[in-house]
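The values are calculated or read from the model by the stated rules, or taken from the named source; none is laboratory data. Predicted model, so just to flag it, every value in this text is computed and none were measured. Heads up, the Cβs are rebuilt from the backbone with ideal geometry, glycines too, and the neighbour counts pull from every protein chain shown.
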């Protein structure tokens, strides 16, 4: 591999890692603050992608579709928290797993009823539908760079929200000591609703912005779910910063594993996870 | 206590069912006046539409005979296999033991097929495979009572090599998912491409169903091959076509593939798929009177456009009709039935094909080029392609 190729692969892994972070951030947030294991997280990614496809064909604009889709995802997250999840915060993790496992099937079926089982594509917005030539026969789609930029912006926003705002302070307080926070007169139920809606919205946004390059198809959620869990476990369950570092690591290992050690490409990421857990059983940034 | 008693009774029932199945592998079939046909196909999940298309095609072939098999009425049974390999044996047994079917038609997913295959070999029930291309079913574990009407996984790619070298593409990279179907497709490609004088520069793979192709596309660009050959299907195929195009590779590198690359995904892939060359045993756009009539009849009956899966279902029906007619509906005279099916020539919408000794079609493979979201047939890539049937001993 020459140096130019190395840089391109580095770009590939960065871009993949950032997308993984978007996906995993919501999962780790929901676990860290409410202690809920959410297996249905991949389904929100899938629903986001289908929403993007459906709304983009209605409005003829992906940007508008993402705005409306985000609002719908927030509403869905809020409703799910209110109807189901808040009754499960004090239950065993196994109950939560059963609930969210059932939700996977429900969402797949709803998707099938609403939109069918076809493979769909979402057109890349005209403005960014071009490529930058990198070598004599390889170019890089600008839209991929846009995705990375959006991911970086959201990561930054998330960081500011949690560490610099009043709401973020309440969220952290709630995660740290629930009873004490409630005793101080903070509406913890409201905070939980907000955090859950935020987590769902993050997964849905990841699905929406990835839809033009990933296509939209049944079962797309389950394929990303496992990677999400790997990222969350490596980063330390509940740590958003850990998720970012872990996602970038997974991106690197996956990309270079595929190229340099194709025989073990399928295992490389899991070997990374095993290695990290051996030295840090609670992940890199356990809170 | 109730719970424990319930558990006990249930286990007893399960053990009872299992042991009776063990003790009586040969079910005595009530010789009713109706032929019992069982569909074990995916009716839910990713492959749901394939299951429906296969059943439609099968019923259409029977309807052309007035809905009868060798003069006897037909009764249908259905089991949704959910494309779930874990339930393959259980579901097949439901049709064979509970419904006592004479014929089991199924299925799409190769993993589930292995479950059916075990049940078919143990019970001796006639099994017609309308899609799953898993090699062993007509190779090392071939069986007198198992017939495939679709393809083996390496059949389409067996026709690919010659077509590529003829177009001057002598250096190629192969890429697929690292799973059984991908490996089997590679076997066909490797054999035909090296025999035609081509060189495989590198074999690339990624875990199924991973769709993060970017790293491998960068690798392909640095290898600068004449062509890329691949095996992908479904949603992953659409993404691969788009990513390949977006990376600018389609400008200088011709993309080839086993035909499933461009089945059912052309709408999603859009212009990115234009110019891609694939080999397969059928194309919707096949311009023959036989195919046109089939497509018209199918569209009239089912208010939907048929695809390759509908054709395979239809051919499964045609094959069974041939067999049943030869024995005048007496499906219990197995020797004569199997002999008739083995010697059958099927007048299919895909073109005429014959059954091989290992019970897999010997069929023409078409070379197809994607133009305006259609697999345009540009010729026959190879005539009468047969699966090597390595290790098959009937008996």
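This table checks each residue for (1) farther than 30 Å from residue A:216 by Cα; (2) within 14 Å of another protein chain (Cβ to nearest Cβ); (3) at pLDDT 50 or above.
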{"position": "B:15", "(1), (2), (3)": "yes, no, no"}
{"position": "B:19", "(1), (2), (3)": "yes, no, no"}
{"position": "B:22", "(1), (2), (3)": "yes, no, no"}
{"position": "B:32", "(1), (2), (3)": "yes, no, yes"}
{"position": "B:52", "(1), (2), (3)": "no, yes, yes"}
{"position": "B:55", "(1), (2), (3)": "no, no, yes"}
{"position": "B:59", "(1), (2), (3)": "yes, no, yes"}
{"position": "B:76", "(1), (2), (3)": "yes, no, yes"}
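Among the residues examined, residue A:17 does not qualify as part of a helix (DSSP H, G or I) and either more than 14 Å from chain B (Cβ to nearest Cβ) or free of Cβ contacts under 8 Å to residues at least 60 places away in the same chain (or both). Residue check: residue B:267 meets all listed conditions (1) touching a residue at least 12 places away in the same chain (Cβ under 8 Å); (2) touching a helix residue (DSSP H, G or I) at 6+ places or on another chain (Cβ under 8 Å); (3) part of a helix (DSSP H, G or I) but one, namely (2). Scanning the range A:82-114 for residues that are assigned to a loop (DSSP other than H, G, I, E, B) and out of contact with any helix residue (DSSP H, G or I) (no Cβ under 8 Å at 6 or more places or on another chain) turns up A:90, A:91, A:92.
Are any of the residues in the range A:144-151 in contact with a helix residue (DSSP H, G or I) (Cβ under 6 Å, 6 or more places away or on another chain), modelled with pLDDT of 90 or more, surrounded by 15 or more Cβ atoms within 10 Å (Cβ to Cβ) and away from every other protein chain (no Cβ under 14 Å)?
So far as the range A:144-151 goes, yes, one or more of its residues are in contact with a helix residue (DSSP H, G or I) (Cβ under 6 Å, 6 or more places away or on another chain), modelled with pLDDT of 90 or more, surrounded by 15 or more Cβ atoms within 10 Å (Cβ to Cβ) and away from every other protein chain (no Cβ under 14 Å).
Return the residues of the range A:115-143 that are over 23 Å from residue A:51 (Cβ atoms) and either loosely packed, with under 14 Cβ neighbours inside 10 Å or away from every other protein chain (no Cβ under 11 Å) (or both); say none if nothing qualifies. Across the range A:115-143, the qualifying residues are A:130, A:132, A:133, A:136. Is it fair to say residue A:161 is part of a helix (DSSP H, G or I), touching a helix residue (DSSP H, G or I) at 6+ places or on another chain (Cβ under 8 Å) and more than 13 Å from chain B (Cβ to nearest Cβ)? Answer is yes for this residue.
Looking only at the range B:294-318, residues that are without any contact (Cβ under 8 Å) to a residue 40 or more places away in the chain and either in a helix (DSSP H, G or I) or at positive phi (or both) come to 4 in all.
Checking the condition part of a helix (DSSP H, G or I) and surrounded by 19 or more Cβ atoms within 10 Å (Cβ to Cβ), which residue from A:4, A:79, A:25 passes? Walk me through how you get there before you give the answer.
On the way: A:4 fails: surrounded by 19 or more Cβ atoms within 10 Å (Cβ to Cβ); A:79 fails: surrounded by 19 or more Cβ atoms within 10 Å (Cβ to Cβ).
None of the other options fit; the residue is A:25.
Does residue A:191 satisfy the condition of being within 14 Å of chain B (Cβ to nearest Cβ) and either farther than 30 Å from residue A:115 by Cβ or in a helix (DSSP H, G or I) (or both)? Taking the combined requirement at face value, the residue does not satisfy it. The residue that is surrounded by the most Cβ atoms within 10 Å (Cβ to Cβ), among those in the range B:198-231 that are at the interface with chain A (Cβ under 7 Å from one of its Cβ atoms) and in a helix (DSSP H, G or I), is B:218. Just one of the numbered conditions (1) in a loop (DSSP other than H, G, I, E, B); (2) within 30 Å of residue A:142 (Cβ to Cβ); (3) free of Cβ contacts under 8 Å to residues at least 40 places away in the same chain is not true of residue A:122; which one? It is condition (3) that residue A:122 fails. Taken as a whole, the range A:201-214 holds no residue that is within 14 Å of another protein chain (Cβ to nearest Cβ), part of a loop (DSSP other than H, G, I, E, B), within 21 Å of residue A:15 (Cβ to Cβ) and at pLDDT below 90. Only one of the numbered conditions (1) facing chain A (nearest Cβ under 9 Å); (2) under 21 Å from the mean Cα position of the chain (by Cα); (3) over 23 Å from residue A:144 (Cα atoms) is not met by residue B:157, and that is (1).
Residues of the range B:295-314 that are more than 21 Å from residue B:48 (Cβ to Cβ) and in contact with a helix residue (DSSP H, G or I) (Cβ under 8 Å, 6 or more places away or on another chain): B:297 alone. Quick check: is even one residue across the range A:40-54 part of a loop (DSSP other than H, G, I, E, B), out of contact with any strand residue (DSSP E or B) (no Cβ under 9 Å at 6 or more places or on another chain) and more than 14 Å from chain B (Cβ to nearest Cβ)? Yes, because at least one residue in the range A:40-54 is part of a loop (DSSP other than H, G, I, E, B), out of contact with any strand residue (DSSP E or B) (no Cβ under 9 Å at 6 or more places or on another chain) and more than 14 Å from chain B (Cβ to nearest Cβ).
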